[in-house]
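To keep things clear, I will list the structure first and then write my remarks on it.
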Amino acid sequence: MALNATLFKTTLDVSDIRRHYYQTHQFTVARHPSETDERMMLRILAFALYADEHLEFTKGLSTDDEPDLWLKSLTGEIDLWIELGLPSEKRMRKARGIAKQVVLLIYGGRTAQMWWDEHSSKISRYGNVRVIEVNTEDSAVLTAMAQRTMKLQCTIDEGSVWFSDATSNVDVQLITRC
């Protein structure tokens, strides 16, 4: 018998000072049975970083031909492809070929560093790919915020990403690799 996704009802207040974007988003995040709370919370962080009324969570782990989030134009072209994890270089090459802009959030501490060491020379040459690493400690604080019903706030300013819920907050340190 197949396991069902776990649903997380989320209210996310985004105050992105650098883009002058201030909105409240309400959505339900479906956590795939094989997905961790950490990965799910990083998907929410990615949403906050690139929040837009048309940014969508996709089927993600359930399909190989979609990213974790995407932003499509009114004509159906993919303007922004957001991927999480440590994908193959082939997958990144495919993504950069079909999307105007690709963002990859890597995480996992030493494993992420090893992935970057292996793939950086090729990926750095891609003009439309941005790789951002989330450090392990901040990721752990975000993971602790995972609840079936969440009210989260994210404030983004130059060099600073504050993420909080009713009981905790974290200044998420993002390392831009390229």
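Worth a mention:
- Accessible area expressed per residue, the stretch 23-128, with surrounding protein chains retained (probe 1.4 Å, Å²): 49
- Accessible-area ranking of D13, D157, largest first, probe 1.4 Å: D157, D13
- Distant-in-sequence amide H partners of Y21 (H built 1.01 Å from N, under 5 Å): D16
- With all protein chains modelled, accessible area of K59 [1.4 Å, Å²]: 140
- Dipole axis of the chain (+1 Lys, Arg; -1 Asp, Glu on Cβ), positive-most option in F163, H119, W70: H119
- In the stretch 104-168, the portion of solvent-accessible area held by carbon and sulfur atoms comes to 51 percent [1.4 Å probe, whole percent, DNA, RNA and ligands not counted].
- Working note: 222 nm ellipticity from helices only, DSSP H runs with n ≥ 4, each -39,500 (n - 2.57), summed and divided by the residues of the chain, gives -8000 deg cm²/dmol to the nearest 500.
- When Rg and the Kirkwood radius Rh are both evaluated on Cα atoms of the chain, their ratio Rg/Rh stands at 0.94.
- Nearest-0.05 FRET efficiency for L3 and Q113, computed from C-beta distance (R0 41 Å): 0.80
- Per residue, the accessible area of the stretch 129-178 comes to 51 Å² when a 1.4 Å probe rolls over the protein heavy atoms.
- Per-residue ³J(HN,Hα) for the stretch 34-46, Karplus 6.51 cos²θ - 1.76 cosθ + 1.60, θ = phi - 60°, Hz, x for Gly and Pro: 8, 8, 8, 4, 4, 5, 4, 5, 6, 5, 5, 4, 4
- Whole-number percent relative contact order across the stretch 68-178, with pairs defined as alpha carbons under 8 Å at least 6 apart: 20
- The accessible-area ordering, largest first, of the residues H32, H54, H20 stands as H20, H54, H32, per a 1.4 angstrom probe.
- The stretch 6-104: C-alpha gyration tensor shape, a/c 1.5 cut-off, then a/b vs b/c: oblate
- Over 31 Å (Cα to Cα) - which of K59/K122; K59/K90; K122/K151; K9/K122; K90/K151 fall in this group: K122/K151; K9/K122; K90/K151
The values are calculated or read from the model by the stated rules, or taken from the named source; none is laboratory data. What you see is a predicted model; the values in this text were computed from it and never measured. Because the Cβ atoms are built from the backbone with ideal geometry, glycine has one as well, and the counts that use them run over all protein chains shown. In case anyone asks, the SASA skips ligands and DNA or RNA and just uses the protein heavy atoms, side chains included. Shrake-Rupley method; radii C 1.70, N 1.55, O 1.52, S 1.80 Å.
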